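Below: the structure, in structure tokens.
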Amino acid sequence: MATQKRVLIYGYGNPGRQDDALGNEMVNKIQEWINEHGLSCMNTDSNYQLNIEDADKIAEWEIVVFVDASQEGIHEYKFCKIHPEEDKIEFSMHAVSPAYVLHLSKKLFNKTPETYILGIKGFEWDFKEGLSDNAKLNLEQAFQFLTRQLSGWALIKKNLPIGMLEDNKVK
């Protein structure tokens with residue numbers, strides 16, 4: 001019998017740099033969604049950047065979804081599974097990559113949660129608060145996608161689009 005997965009959604013970014021706050025904004029929306037559905041199997045966290053101490057935090061979960069703004073040439077968002085990588089340290093502004101945090105979790109705690117990164121396309125990076133209009137649209141698209149993923153992990157089948165209920169698409 002299938003059981004609910006324990007999931008952490010971890011957003012990061014600088015709310016004082018416009019669209020860099022996409023990860024933090026997603027966490028706010030997801031936390032409301034978690035509360036609305038009474039999902040004790042899920043939690044959220046956010047910060048300005050990832051730190052090596054986050055390895056301990058993610059070791060407690062079965063699934064971790066990191067959420068960050070992206071400057072890549074992607075459409076609205078990109079969702080990818082990540083694997084532990086010790087040589088993927090990105091010391092831009094003292095931040096480490098999700099793959100390196102996962103590597104530390106494996107090395108220090110012998111825990112390797114199933115881990116993903118959700119990159120949401122941003123457009124404006126000036127020193128001011130508030131998302132650009134285009135980033136808000138991408139945030140909504142990514143939110144719809146992520147809540148469908150979370151619904152599957154939490155075994156929620158109510159209030160889903162009919163297409164997701166057919167053919168056992170919710171796993």
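Observations on the structure shown:
- Test result for ASN51, over 21 Å from GLY130 (Cβ atoms) and not in a loop (DSSP other than H, G, I, E, B): no
- Qualifying positions in the stretch 12-43 - surrounded by fewer than 22 Cβ atoms within 10 Å (Cβ to Cβ) and among the hydroxyl-bearing types (Ser, Thr, Tyr): SER40
- Yes/no for ALA154 being surrounded by 15 or more Cβ atoms within 10 Å (Cβ to Cβ), at pLDDT below 95 and hydrophobic (A, V, I, L, M, F, W, C): yes
- Criterion applied to SER97, SER46 was being small (Gly, Ala, Ser), at pLDDT 95 or above and under 28 Å from LEU137 (Cα atoms), and the one residue passing it is SER46.
- Only one of the numbered conditions (1) in a loop (DSSP other than H, G, I, E, B); (2) without any contact (Cβ under 8 Å) to a residue 12 or more places away in the chain is violated by LYS136, and that is (1).
- Answer from VAL65, VAL7 - the residue that is modelled with pLDDT of 95 or more and touching an Asp or Glu at 6+ places or on another chain (Cβ under 8 Å): VAL7
- Members of the stretch 54-85 found to be surrounded by fewer than 14 Cβ atoms within 10 Å (Cβ to Cβ) and not in a loop (DSSP other than H, G, I, E, B), listed by number: CYS80, LYS81
- Residue check, GLU140 modelled with pLDDT of 95 or more and under 27 Å from ASP19 (Cβ atoms): yes
The values are calculated or read from the model by the stated rules, or taken from the named source; none is laboratory data. Given the structure is predicted, the values throughout are model-derived calculations rather than measurements. Ideal geometry is used to build each Cβ from the backbone, glycine not excepted, and the neighbour counts take in all protein chains shown.
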